[in-house]
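For reference, the structure discussed in these notes is given below.
The values are calculated or read from the model by the stated rules, or taken from the named source; none is laboratory data. No experiment lies behind these values; they were computed from the predicted model shown. Cβ atoms come from the backbone with ideal geometry, glycine included; neighbour counts cover every protein chain shown.
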């Protein structure tokens, strides 16, 4: 089902947020990349929640979705080729609700197993070999890593974008984000603590141009739907899928 690594999706958005425009003249008082990233990370940790929209494009395929995360829970919904996948994390407890193709891709399930358990909430234990990959980027430090470029990070701006004054940090995606070494641009507010407004990842994957953009809808927002333990969830070890 998935045409890119799941971790890339966490760096993805509903509209192309970052415009590749001529760089504005740089003011002498412009903060360094290190100062921006340090303040940003501290501010991200202080937010009660973050809500995002994303879109990833490769060749003629498009994946869209939404993600909400707090300190204790996270919810992600992805739409790909008209099929929807949901992932929910409460503390360290993980559930997935996916279609047949998604289950085959994520868990190496057989067609018969995937058809039987598609669109059913499945609780995936921490001991499962797929657990770490699935939760990467859902909340906490692995999510924040998507807003922290690595390498020789450059700061451009200040510039104007959609009526806001912003800085643009340009570097590479980090290993901690789960998908390292790809060009990453992060747009942040021009005032400390420089909370991020969105990201852009561009690369070539399997010989095809890949673009992944993300837009932060808001901070300290309520979850878009109720996040609670699914009463009808099935334990993963009862599905017969490898793990």
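At-a-glance table
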item	result
Candidate set from the stretch 190-209 (those that are in a strand (DSSP E or B) and out of contact with any helix residue (DSSP H, G or I) (no Cβ under 9 Å at 6 or more places or on another chain)); member that is farthest from residue 39 (Cα to Cα)	208
Filter result (over 17 Å from the mean Cα position of the chain (by Cα) and free of Cβ contacts under 8 Å to residues at least 60 places away in the same chain) within the stretch 73-96	82, 91, 92
Residue match in the stretch 86-94 (condition: over 30 Å from residue 196 (Cβ atoms), at pLDDT 95 or above and in contact with a strand residue (DSSP E or B) (Cβ under 7 Å, 6 or more places away or on another chain))	no
Long-range neighbours under 6 Å by Cβ, at least six apart or interchain, first residue on the phi > 0 side of the Ramachandran plot within the stretch 158-178, second at pLDDT below 85	178/7
Selection status of residue 169, part of a strand (DSSP E or B), buried (at least 23 other Cβ atoms within 10 Å of the Cβ) and within 13 Å of the chain's Cα centre (by Cα)	no
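Results for (1) at pLDDT below 95; (2) within 20 Å of residue 46 (Cα to Cα); (3) surrounded by fewer than 17 Cβ atoms within 10 Å (Cβ to Cβ); (4) out of contact with any strand residue (DSSP E or B) (no Cβ under 6 Å at 6 or more places or on another chain), shown as yes or no for each residue.
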| position | (1), (2), (3), (4) |
| --- | --- |
| 196 | no, yes, no, no |
| 202 | yes, no, yes, no |
| 207 | yes, no, yes, yes |
| 211 | yes, no, yes, no |
| 225 | yes, no, yes, yes |
